[in-house]
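Asks: Got a structure for you, written out below as C-alpha cells; questions coming shortly.
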Amino acid sequence: MIIVGELINASRKAVGEAIEKGDAEYIKSVAMDEDKAGANYIDVNAGIFVGKEADYLKWLTTTVQEVSEKPCALDSPDPLAIEAALAVHKGTPMINSISLEKDRWEKLLPLVAGTDFKVVALCMSDEGMPTTCADRLVIADKLVEGLTAKGVAIENIYVDPLVQPLGTNHTFGLEFINTVAAIKERYPNIHFMCGLSNISYGLPERKFINRIFMAQAIYAGLDGAIMNPLDQPMMGAIAAAEALAGRDRMCVKYLKAFRAGLVKA
Amino acid sequence: MSIKDVYQAVIDFEDDAMPDLIKKELDAGADINKLLQEGLIAPMDYVGKKFSEGELFVPEMLMAAQTMKKGLEILKPLLGAGGGSSAGKIVIGTVRGDLHDIGKNLVGMMLEGGGFEIIDLGVDVEPKAFVEAAKSNSAKIVGLSALLTTTMPAMEETVNALKEAGLDCKTMVGGAPVTQAFADKIGATGYSEDAPGAVELARKLVN
C-alpha cells in the first residue's frame with residue numbers, strides 16, 4: 001500500500017496558522033510523525049492562501065524535507081505553485097493532481113511530460129463528476145492515453161477514481177469498487193490514489209465505514225490512499241485487508257503491523 | 001385519514017404511498033395550503049431539526065425530501081390556481097470552476113421542502129448566469145455553493161456581480177471551506193453551515 005500522509009494541509013486550522021506564522025518546528029513535527037507512522041509520501045498543500053500559495057508550497061516542501069527523506073506529494077491545481085515546489089524538491093515527487101478539466105489538464109501536462117514524476121490523475125472532467133463506473137472509465141482512459149502519449153510511464157500514473165458519499169446514493173460505494181477493478185484489469189501496471197473518507201459523508205461513525213470500505217477497495221485492487229497515517233485502526237485494517245487480498249506473503253506485513261501495535265481486535 | 005398521515009409518511013420516507021395519500025386528502029376536500037404547510041413542510045422542518053441535533057443523517061434527510069417532493073408534485077399545479085403559494089423563488093448553483101453538486105443539491109431539496117421554489121443552475125455557473133437567472137425569475141435569494149478554496153474567489157465575484165446588477169435579491173453562501181467570516185468579507189447577506197440552517201436563513205431573508 002502506498003500511503004500519502006495528508007496532514008500538512010493548510011485547510012487544517014493548526015497547519016494553516018503554522019504556515020502563516022512561519023512555524024517550521026510545527027510543520028517538521030507533523031512531517032516526522034507521518035514519516036514514522038509509515039507514510040510513503042508527505043502531502044503538502046497551501047491551497048487556502050490565494051496569491052501566496054507558490055511561496056508557501058515551496059517553504060513547506062523545504063521544511064518537510066529537512067526532517068524526512070520521504071518524497072512529497074505536491075498538492076495543488078496551480079502549475080506555478082507546483083513549479084515553485086519542484087525547484088526545491090529532492091527525490092521523485094508525486095504531483096497531486098492532474099484531471100481532465102481542460103484548464104488544469106493543459107496547464108499541468110507540460111510539467112509532467114517526459115518526467116519520472118508520480119502523477120495523480122483525478123477522474124474528473126468539465127462535464128462534471130462521474131457517478132457510474134462507465135463514466136469513470138471513459139475519463140480514466142483519456143487520462144491514461146493522454147499522459148502516456150506525453151511520456152509518462154503507466155506505472156507512474158496513480159488514478160483517483162473519485163469517491164462519492166454513500167449517504168447520497170446507495171450505489172456510490174459499489175461504483176467506486178467496480179471502477180478500481182475495471183481499471184486494474186485494463187491497465188495491470190497502473191496504481192491508484194484516493195482520499196476515501198468522502199464515502200462516509202453524512203453518516204454516523206464515519207471511521208467505521210471508512211475502514212470497511214478501505215478493505216473492500218483493497219480487495220478490488222486499490223493500492224494507494226491519501227490519509228492520516230496516524231490513524232492506527234485504519235493502518236491495522238489496511239494490513240489485514242492486504243493480507244486477505246493475497247498481497248502479503250506469509251502475512252509478514254500483517255505481523256509487522258501487529259507488533260507495531262496497529263492491529264487490535 | 002387526515003393530514004397527520006401525510007405528515008407521518010414524510011417522516012417515515014413512504015415515497016411510494018405519498019401520491020395516494022395526497023389524492024385522498026384532496027378528494028376529502030382538504031385545504032390545499034393547509035395540506036402543504038402541515039402535511040409536507042411541517043415534517044420537513046421536524047426532519048431538519050432532528051438532523052441539526054445529530055439524530056437523523058444525510059440519507060434520511062434526502063429520503064424525507066424525496067417523499068415530500070412526491071406530494072409536492074401533485075399539489076404544485078393546484079397551488080397557482082388558488083390557496084397556497086411558494087415562499088419565494090431561490091436561484092441556486094455551484095460557482096464557476098467548481099463541479100461539486102452534492103451539498104448544493106441537498107440544500108436545494110431542503111429549501112424546496114421548506115416551501116421555496118428552486119431554480120437550480122447546476123455546477124460551474126458563471127457569475128453572469130446567476131445574474132440573468134435572478135433577474136428573469138425575480139428571485140428573492142441567490143444561493144451560492146463552493147467546495148474548493150480555489151473557487152471561493154468566484155463566489156465573491158458572483159456576489160459582486162449581483163450587487164452591480166442592482167437586483168433586489170439577497171445572497172446566501174455555503175460549502176465546506178466557506179465560513180461566516182468569509183461570507184461577511186465578501187458581502188454576502190447570509191451564511192449557513194448546513195442544509196436545515198439554510199432553510200431557516202432563507203425564511204429570515206425573505207421576511
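Asks: Quick check on this structure: which one of B:ALA183, B:ALA161 is away from chain A (no Cβ under 12 Å), aliphatic (A, V, I, L, M) and free of Cβ contacts under 8 Å to residues at least 24 places away in the same chain? Spell out how you get there, then give the answer.
Replies: Working: B:ALA161 fails: free of Cβ contacts under 8 Å to residues at least 24 places away in the same chain.
One residue alone meets the criteria, B:ALA183.
Asks: Go through region B:121-138 and report how many residues are in a loop (DSSP other than H, G, I, E, B), small (Gly, Ala, Ser) and more than 13 Å from every other protein chain (Cβ to nearest Cβ). Lay out the reasoning, then the answer.
Replies: So the first thing to find is which residues in region B:121-138 are in a loop (DSSP other than H, G, I, E, B), and the list is B:121-124, B:126, B:137-138.
Within this subset, residues satisfying the condition of being small (Gly, Ala, Ser) are B:122, B:138.
Retained after the next criterion (residues that are more than 13 Å from every other protein chain (Cβ to nearest Cβ)): B:138.
Count: 1.
Asks: Suppose the filter is over 19 Å from B:ALA87 (Cα atoms), outside the structural domain of B:GLY113 (by TED's automatic domain parsing), of a type outside the set (Phe, Trp, Tyr) and modelled with pLDDT under 95; does B:ALA9 pass it? Step through it out loud before you land on a result.
Replies: Working: over 19 Å from B:ALA87 (Cα atoms): yes; outside the structural domain of B:GLY113 (by TED's automatic domain parsing): yes; of a type outside the set (Phe, Trp, Tyr): yes; modelled with pLDDT under 95: no.
Here the answer is no, as B:ALA9 does not meet what is asked.
Asks: Please identify the pairs in which a residue from region A:68-85 that is over 22 Å from A:SER125 (Cα atoms) has its Cβ atom under 6 Å from the Cβ atom of a residue that is charged (D, E, K, R) and open to solvent by 30 Å² or more (accessible area, probe 1.4 Å), counting only partners at least 6 apart or on another chain.
Replies: These pairs meet every condition: A:SER68/A:ASP35; A:LYS70/A:ASP35; A:ALA84/A:LYS58; A:ALA85/A:LYS58.
Asks: Still on this structure, I have one more. Looking at this structure, is A:GLU185 over 18 Å from the mean Cα position of the chain (by Cα), away from every other protein chain (no Cβ under 14 Å), surrounded by fewer than 17 Cβ atoms within 10 Å (Cβ to Cβ) and farther than 20 Å from A:ASP75 by Cα? Lay out the reasoning, then the answer.
Replies: Values: over 18 Å from the mean Cα position of the chain (by Cα): yes; away from every other protein chain (no Cβ under 14 Å): yes; surrounded by fewer than 17 Cβ atoms within 10 Å (Cβ to Cβ): yes; farther than 20 Å from A:ASP75 by Cα: yes.
When the stated conditions are applied, A:GLU185 passes them.
Asks: Continuing with the same structure: Out of curiosity, is A:ASP223 in contact with a strand residue (DSSP E or B) (Cβ under 7 Å, 6 or more places away or on another chain) and crowded, with 20+ Cβ neighbours inside 10 Å? Step through it out loud before you land on a result.
Replies: Details: in contact with a strand residue (DSSP E or B) (Cβ under 7 Å, 6 or more places away or on another chain): yes; crowded, with 20+ Cβ neighbours inside 10 Å: no.
So A:ASP223 fails the test.
Asks: Can you report the number of residues in region A:228-262 which are at positive phi and either within 18 Å of the chain's Cα centre (by Cα) or assigned to a loop (DSSP other than H, G, I, E, B) (or both)?
Replies: Initial filter on region A:228-262 (at positive phi): A:246, A:250-251, A:261.
So of that shortlist, the ones also either within 18 Å of the chain's Cα centre (by Cα) or assigned to a loop (DSSP other than H, G, I, E, B) (or both) come out as A:246, A:261.
Number satisfying all stated conditions: 2.
Asks: In the list B:MET61, B:MET44, which residue meets the criterion of being in contact with a Gly (Cβ under 6 Å, 6 or more places away or on another chain), within 27 Å of B:CYS169 (Cβ to Cβ), surrounded by 21 or more Cβ atoms within 10 Å (Cβ to Cβ) and outside the structural domain of B:ASN160 (by TED's automatic domain parsing)? Step through it out loud before you land on a result.
Replies: Numbers: B:MET61 fails: in contact with a Gly (Cβ under 6 Å, 6 or more places away or on another chain).
B:MET44 is the lone residue from the list that is in contact with a Gly (Cβ under 6 Å, 6 or more places away or on another chain), within 27 Å of B:CYS169 (Cβ to Cβ), surrounded by 21 or more Cβ atoms within 10 Å (Cβ to Cβ) and outside the structural domain of B:ASN160 (by TED's automatic domain parsing).
Asks: Further, regarding this structure: List the number of the failed condition for B:GLY108; all other conditions in (1) closer than 30 Å to B:THR149 by Cβ; (2) away from chain A (no Cβ under 14 Å) hold.
Replies: (2)
Asks: So which residues in region A:202-255 are free of Cβ contacts under 8 Å to residues at least 12 places away in the same chain, among the hydrophobic types (A, V, I, L, M, F, W, C) and within 14 Å of chain B (Cβ to nearest Cβ)?
Replies: Passing the criteria: only A:PHE208.
Asks: OK, next. Only one of (1) under 28 Å from A:LEU230 (Cβ atoms); (2) open to solvent by less than 50 Å² (accessible area, probe 1.4 Å); (3) outside any helix (DSSP H, G or I) is not met by A:ILE82, so which one is it?
Replies: (3)
Asks: I'm checking my understanding of the structure. Among residues of region A:85-108 that are open to solvent by 20 Å² or more (accessible area, probe 1.4 Å) and assigned to a helix (DSSP H, G or I), which one is nearest to the other protein chains (Cβ to nearest Cβ)? Quick ask: steps written out before the conclusion?
Replies: Taking region A:85-108 as the starting set, the residues that turn out to be open to solvent by 20 Å² or more (accessible area, probe 1.4 Å) are A:86-92, A:96, A:100-107.
Right, trim to assigned to a helix (DSSP H, G or I) and you get A:86, A:102-107.
Details: A:LEU86: 19, A:LYS102: 11, A:ASP103: 8, A:ARG104: 10, A:TRP105: 14, A:GLU106: 14, A:LYS107: 13 Å.
Here the residue is A:ASP103.
Asks: Which one is nearest to the other protein chains (Cβ to nearest Cβ), of the residues in region B:70-79 that are surrounded by fewer than 19 Cβ atoms within 10 Å (Cβ to Cβ) and within 17 Å of the chain's Cα centre (by Cα)?
Replies: The first filter runs over region B:70-79 and keeps only residues surrounded by fewer than 19 Cβ atoms within 10 Å (Cβ to Cβ), leaving B:73-74, B:76-79.
The next check asks that each one be within 17 Å of the chain's Cα centre (by Cα); those that pass are B:73, B:76.
Numbers: B:GLU73: 21, B:LYS76: 24 Å.
The selected residue is B:GLU73.
Asks: Right, something else. Of all residues in region A:7-58, how many are in a loop (DSSP other than H, G, I, E, B), farther than 19 Å from A:LYS90 by Cα and of a type outside the set (Gly, Ala, Ser)?
Replies: Residues meeting the conditions: 7.
Asks: Something else: Using the structure shown, decide if A:LEU162 is touching a residue at least 24 places away in the same chain (Cβ under 8 Å), part of a loop (DSSP other than H, G, I, E, B) and open to solvent by 10 Å² or more (accessible area, probe 1.4 Å). Quick ask: steps written out before the conclusion?
Replies: Working: touching a residue at least 24 places away in the same chain (Cβ under 8 Å): yes; part of a loop (DSSP other than H, G, I, E, B): yes; open to solvent by 10 Å² or more (accessible area, probe 1.4 Å): yes.
The answer is yes for A:LEU162.
Asks: Further question: Which one is surrounded by the most Cβ atoms within 10 Å (Cβ to Cβ), of the residues in region B:86-105 that are facing chain A (nearest Cβ under 10 Å) and part of a helix (DSSP H, G or I)?
Replies: In this case the residue turns out to be B:GLY103.
Asks: Could you tell me which numbered condition A:HIS170 fails, if it satisfies all but one of (1) without any contact (Cβ under 8 Å) to a residue 12 or more places away in the chain; (2) open to solvent by 20 Å² or more (accessible area, probe 1.4 Å); (3) more than 25 Å from A:ALA215 (Cα to Cα); (4) within 12 Å of chain B (Cβ to nearest Cβ)?
Replies: Going through (1) without any contact (Cβ under 8 Å) to a residue 12 or more places away in the chain; (2) open to solvent by 20 Å² or more (accessible area, probe 1.4 Å); (3) more than 25 Å from A:ALA215 (Cα to Cα); (4) within 12 Å of chain B (Cβ to nearest Cβ) one by one, A:HIS170 breaks only (3).
Asks: Now for a different question. Give me the residue from region B:139-195 that is outside any helix (DSSP H, G or I) and polar (S, T, N, Q) and, out of that set, nearest to A:ASP78 (Cα to Cα).
Replies: Pass one, region B:139-195, residues outside any helix (DSSP H, G or I): B:139-148, B:165-179, B:187-194.
Then drop every residue that is not polar (S, T, N, Q), which leaves B:145, B:171, B:179, B:189, B:192.
On the way: B:SER145: 21, B:THR171: 29, B:THR179: 23, B:THR189: 30, B:SER192: 29 Å.
Among them, the one singled out is B:SER145.
The values are calculated or read from the model by the stated rules, or taken from the named source; none is laboratory data. Bear in mind that the values here come from a model prediction, so they are computed numbers and not experimental data. As a convention, Cβ positions derive from the backbone with ideal geometry for all residues, glycine included, and neighbour counts pool all protein chains shown. What goes into the accessible areas is simple: the full protein's heavy atoms, side chains included, and nothing from ligands, DNA or RNA. Shrake-Rupley method; radii C 1.70, N 1.55, O 1.52, S 1.80 Å.
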